[in-house]
Amino acid sequence: MAVDSIKLIDIIKAIADKINEKREYLTQLDSAIGDADHGINMSKGFKAVVEKITNMGDKDCGTILKTVGMTLVSTVGGASGPLYGTAFMKAGQAVAGKVNLDFNDLISVCEAALEGIKYRGKAEKGEKTIVDALEPAVEALRKHRSEGLKTALQEAVKAAKKGMEYTKNIIAKKGRASYLGERSLGHQDPGATSCYIMLETLADQLLDKKS
Ligand code: ADP
Ligand code: MG
């Protein structure tokens, strides 16, 4: 696998399209345990991202990812803006100056994104957040690294899905949903869901499946 700047921009555009497609669904999930804006926040942020990065094909992958992060921080009002923004900025730092990303770089990008979210949100697995989808995915990428890109990515998407679904069974400890305490049980976390959608789209793009 080799992802150059043009391909990276295509992947981010595909993520933006998917997030926009799932906008109502994400907002509906957030209406149950938050303030009904997660889909709106994410689609607004990624719309701005696409405008910013479309003509960045001559820039390196680190700069592109950093721009995605800064754009999300500055355009998304909700908690998810600084969280995903930090994730993409850290991801950009992890591959600073690179014009091509290989499989190991992809794993570094995902690891750095996870680290960024955990640092910014002071969140750990099991608190009903984005971390519940992203951390299992990163663990699966590491575990299946030696089996190659396809298996590792498929396992990562599976793990993220399982983590996302598991958020129904846990009480929110971070963000707005935490105000609900036990009443957050039974509801799937919007942030874990948007994270799963992004990972699934990334995998579809890299494995040449139509998303
Ligand atoms: P807001 O909660 O400000 O309305 P969004 O609705 O866009 O922002 O995003 C909510 C999502 O953000 C939650 O579903 C959760 O996954 C994630 N989230 C909130 N706080 C944290 C945190 N401290 N760490 C990690 N993720 C968090
Ligand atoms: Mg919200």
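General observations
- Test result for SER5, crowded, with 22+ Cβ neighbours inside 10 Å, among the hydroxyl-bearing types (Ser, Thr, Tyr) and touching a residue at least 40 places away in the same chain (Cβ under 8 Å): no
- Every residue from the stretch 48-62 that is part of a helix (DSSP H, G or I) and touching a helix residue (DSSP H, G or I) at 6+ places or on another chain (Cβ under 7 Å): ALA48, VAL49, VAL50, LYS52, ILE53, CYS61, GLY62
- Helices (runs of 4 or more DSSP H) enclosed by the stretch 102-211 - at least 3 residues per element that are away from ligand 1 (no atom under 14 Å from the Cβ), more than 21 Å from ALA36 (Cα to Cα) and among the basic types (Lys, Arg): 149-166
- Cross-chain or 6+ apart pairs with Cβ under 7 Å, the stretch 166-178 first and at negative phi, then among the aliphatic types (A, V, I, L, M) and within 16 Å of ligand 2 (Cβ to nearest atom): THR167/ALA192; ALA172/ILE33; ALA172/LEU180; LYS174/ALA123; ALA177/ILE33; SER178/ALA172
- Scope the stretch 89-107; condition among the small types (Gly, Ala, Ser), within 11 Å of LEU65 (Cβ to Cβ) and open to solvent by 20 Å² or more (accessible area, probe 1.4 Å); matching residues: ALA94, ALA96
Conditions (1) within 16 Å of ligand 2 (Cβ to nearest atom); (2) at pLDDT 95 or above; (3) not charged (D, E, K, R), marked per residue:
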residue: LYS122; (1), (2), (3): no, yes, no
residue: LYS125; (1), (2), (3): no, yes, no
residue: SER146; (1), (2), (3): no, yes, yes
residue: GLU165; (1), (2), (3): no, yes, no
residue: ASN169; (1), (2), (3): no, yes, yes
residue: SER178; (1), (2), (3): yes, no, yes
residue: SER184; (1), (2), (3): yes, no, yes
residue: GLY191; (1), (2), (3): yes, yes, yes
residue: LEU202; (1), (2), (3): no, yes, yes
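- Top-ranked residue in the stretch 30-50 [being farther than 26 Å from GLU182 by Cα and charged (D, E, K, R); ranked as least open to solvent (accessible area, probe 1.4 Å)]: LYS44
- Output for the stretch 149-192, where each listed residue is surrounded by 23 or more Cβ atoms within 10 Å (Cβ to Cβ) and β-branched (Val, Ile, Thr): THR167
- Residues of the stretch 8-24 classified as assigned to a helix (DSSP H, G or I), basic (Lys, Arg) and open to solvent by 60 Å² or more (accessible area, probe 1.4 Å), total: 2
- Lone qualifier among THR67, THR86, THR71, THR27 - being crowded, with 20+ Cβ neighbours inside 10 Å, under 29 Å from ALA152 (Cα atoms) and β-branched (Val, Ile, Thr): THR86
The values are calculated or read from the model by the stated rules, or taken from the named source; none is laboratory data. Everything quoted here is computed from the prediction, not taken from an experiment. Backbone-built Cβ (ideal geometry, glycine too); neighbour counts: all protein chains shown. The protein model used for the area step is the full one, side chains on, heavy atoms only, and it has no ligands, DNA or RNA in it. Shrake-Rupley method; radii C 1.70, N 1.55, O 1.52, S 1.80 Å.
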